[in-house]
Amino acid sequence: MARVLIAEMQQETSTFNPHLTQYEDFRIERGAAILDELRGTNTEIAGALDVFAEHGDVEIVPTFAAWAVPHGPVADPVLDRLIQEILDDVERNRDVDAVLLVLHGAMASETEFDPEGRLLEAVRACVGAIPIVASLDFHAVITDRMLQFADMLVGYHTYPHTDFYETGVRAARNLMRMLIDNATPTTARVCLPLMARGDELLTATGRFGDAIGMCQALEESPGGLAANIYLSNPFTDVPDLQSYVIVSTDGDEARAKAEAERIATFMWENRDLWLAELTPLPEAVAQAKETPGLTLFSDAADATSSGAPGDSNAVLKELLAQDYAGRALIPLIDAPAVAAAFDAGVGSTITLPLGGTMDPGRHTPVTVTAYVKSLHDGEFAYENGVIEQAGRTAVLAIGNIVVLTTERLILFVGRRVFQAFGLEPQDFSIVVAKSPNGFRTWYESIAARIVHLDSPGSASLNLEALPYTHCVRPIFPLDENVVAALRAG
Ligand SMILES: [Zn+2]
């Protein structure tokens, strides 16, 4: 009977978001409740549980799971507390046979640029030389510490990310290979001075899918354990921010290096494809006007899924300025507006400032007169089955523009977040998703047009507009004539 300890610590940080992430922003589960909550969902832990169940002789030691919507840097004391809570559990169970850590990889605190590396180092110090595998988002920033203290890193293979479950399966299978088959991972890394965005990264249709295909072919071949391209979250401005190709084989160092260099060369040679094409707001609204059916606006600059605060009213302002006549649906995080709507009650008409409550350097409030259409407690389920608490939630109608206003930070990627509050995206001519590409899974089948906005925000795809101070330089596309070594180490 092998005992496998499971812990999760996931948050994606946008260091350009001025709001810190606090302890209460994390959804936290402890012990057996983790299994009750996540079994059967599209999550890494659910995938891992199924692999361990297949083996039959694995005892799972669920300890601590913390997950937060991407946001600003984690407050230093909050990171200390999260890591300590995991370590307390690891300490109590240091006789386990293996550890699976479910991480994001692009987390940062106020002063710690590598929380995942710090956690891995501390867990390793506690449990010694047993297998430790970490699963990661493919926007992870890979550090020396992460590579040194984990036996293997296993990241997503899809963009938009849909393979959370499958990544858990791959991570758990690698753990079992080490435990049962005595696999000995040998890992090679190639650093790519590159930040990538844009439609060619869509793994189902874009050129990047070919690179992922190379990773998958390696993993499916004998002796191939894990192959990943980590594009790093471009909004986590930390010293190791660039892209990475990481390949692990079962003891074959030369092959790991050769494969990592081959995949990295493909990524570098195609770098001009990894740029986003953006449309200025006035032009985007004009395009929506001439489009019959639904136009989906991707407001990636304010994507809460990328760590932005979700308080941008840039689209609302443009629609009001153009006196847009169609029906538009806009999500907004604005706790004061929600409070005003609850004070006034359903059926009231109120005049209030809307938006621009969290990132005053990039967004300012706009005063509107709104009808309070409905009020909610904010509990709903995302498409992957995970329950979310939006806090108090108000649906406000400003003429033909409907604004879904929440108190708490949530994701505005899919359709459920609207449907849960009585709003059907298909009934609108413009719907705003605060998401760079994840929305495609839910909107491609119903949108007549998709427009990537060039709008202000701390997660702008117009990377040149962001105030980078820490990332690797020179780096593509911020700098000219960048040279990549493309050598595995
Ligand atoms: Zn990601």
Task: Qualifying lysines (Cα of each under 30 Å from Cα of Lys373; at least 8 residues distant if same chain) - done: Lys289, Lys317, Lys434
- [ ] Among Ala217, Leu278, Asn182, pick out the residue whose Cα is farthest towards the positive end of the charge dipole of the chain, where Lys and Arg carry +1 and Asp and Glu carry -1 on C-beta, about the Cα centre.
- [x] Leu278
Open item on the list: Let me test this: with uniform point scatterers at the alpha carbons of segment 279-460, what is the Debye-based log₁₀ I(q)/I(0) at q = 0.18, 0.20 1/Å?
Closed with: -1.19, -1.52
- [ ] Tell me, rounded to the nearest percent, the portion of alpha carbon pairs in segment 2-273 spaced more than 23 Å apart.
- [x] 49
Task: Two-site label geometry, Gln84 and Ala129: point separation in nm, points 7 Å out along Cα→Cβ - done: 3.2
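Enumerate by residue number the GluC sites (Glu not before Pro) in segment 267-332 meeting two conditions: DSSP loop (anything except H, G, I, E, B), and at most 14 other Cβ atoms within 10 Å of the site's Cβ. Can you show the working numbers first?
Details: sites: Glu269, Glu277, Glu283, Glu290, Glu318; in loops: Glu277, Glu290.
Passing sites in segment 267-332 are Glu277, Glu290.
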Open item on the list: Can you give me the orientation-averaged projected area of the convex hull built on the Cα atoms of segment 54-109, in nm²?
Closed with: 5.0
Task: Residues of segment 448-489 with amide N under 17 Å of the 7 Å Cα→Cβ point at Glu290 - done: 448-452
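What shape does segment 109-255 have by the C-alpha gyration tensor, where a ≥ b ≥ c are the square roots of the eigenvalues, rounded means a/c under 1.5, and otherwise prolate means a/b greater than b/c and oblate the rest?
Numbers: a/c = 1.79, a/b = 1.12, b/c = 1.60.
Judged from the Cα gyration tensor, segment 109-255 comes out oblate (a/c at least 1.5, b/c at or above a/b).
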TODO: For every other residue with a beta carbon closer than 9 angstrom to the beta carbon of Asp76, add +1 if it is Lys or Arg and -1 if Asp or Glu, then tell me the sum.
DONE: -3
Task: Three-way shape call for segment 180-293 based on the alpha-carbon gyration tensor, with the a/c threshold at 1.5 - done: prolate
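So how do Ile446, Ile263 line up by other beta-carbon neighbours within 10 Å, fewest first?
Working: Ile446 14, Ile263 25.
Listing Ile446, Ile263 from fewest to most nearby Cβ atoms yields Ile446, Ile263.
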Task: Average Cα contact separation per residue, segment 199-345, under 8 Å, 6 or more apart, as relative contact order % - done: 15
Task: Packing-based ranking, highest mean first, of 218-229, 165-176 given that Cβ atoms within 10 Å are counted - done: 165-176, 218-229
Task: Cα-projected label distance for Ile28 with Glu166, points at 7 Å along beta-carbon direction, nm - done: 3.4
Open item on the list: Whole-Hz ³J(HN,Hα) for each residue in segment 409-416, computed from phi via Karplus 6.51 cos²θ - 1.76 cosθ + 1.60 with θ = phi - 60°, x for glycine and proline: what do you get?
Closed with: 6, 9, 8, 10, 10, x, 9, 4
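To check you understand DSSP bridge types, tell me what percent of the beta bridges within the chain (both residues inside) are antiparallel, rounded to 5.
On the way: 39 of 84 bridges.
Of all bridge pairs located within the chain, approximately 45 percent are antiparallel.
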Open item on the list: Through the Karplus equation 6.51 cos²θ - 1.76 cosθ + 1.60, θ set to phi - 60°, convert the phi angles of segment 461-470 into ³J(HN,Hα) values in whole Hz; use x for Gly and Pro.
Closed with: 6, 7, 4, 4, 7, 9, x, 5, 10, 10
Open item on the list: For the pair Thr205/His55, report the inter-label distance in nm, with labels modelled 7 Å from Cα in the Cβ direction.
Closed with: 4.0
TODO: Can you tell me the 0 to 90 degree angle between the C-alpha axis of helix 76-92 and the longest principal axis of the chain, rounded to 10?
DONE: 40
Task: Sites Ala217 and Val386 - FRET efficiency at Förster radius 41 Å, r taken between beta-carbons, to 0.05 - done: 0.85
TODO: Mind listing the long-range amide H neighbours of Gly155? Cut-off is under 5 Å, sequence gap 5 or more, other chains count too, H placed in the peptide plane at 1.01 Å from N.
DONE: Leu136
TODO: Relative to the longest principal axis of the C-alpha atoms of the chain, give the angle of the C-alpha long axis of helix 115-127, reported between 0 and 90° and rounded to the nearest 10°.
DONE: 30
Task: Amide proton proximity set for Leu354, modelled H, under 5 Å, gap of 5+ - done: Val366, Thr367, Val368
Open item on the list: Taking every pair of distinct Cα atoms and averaging 1/r, then inverting, what Kirkwood hydrodynamic radius in Å comes out for the chain?
Closed with: 23.0
Task: Debye-sum result for segment 50-176 in log10 I(q)/I(0), which assumes one identical scatterer on each alpha carbon, at q = 0.17 Å⁻¹ - done: -0.92
TODO: Can you grab the distance from the C-alpha centre of segment 339-355 to the C-alpha centre of segment 71-97, Å, no decimals?
DONE: 41
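Coordinate-derived values only; no laboratory data. The structure displayed is predicted, hence computed values, not measured ones. Ideal geometry is used to build each Cβ from the backbone, glycine not excepted, and the neighbour counts take in all protein chains shown.
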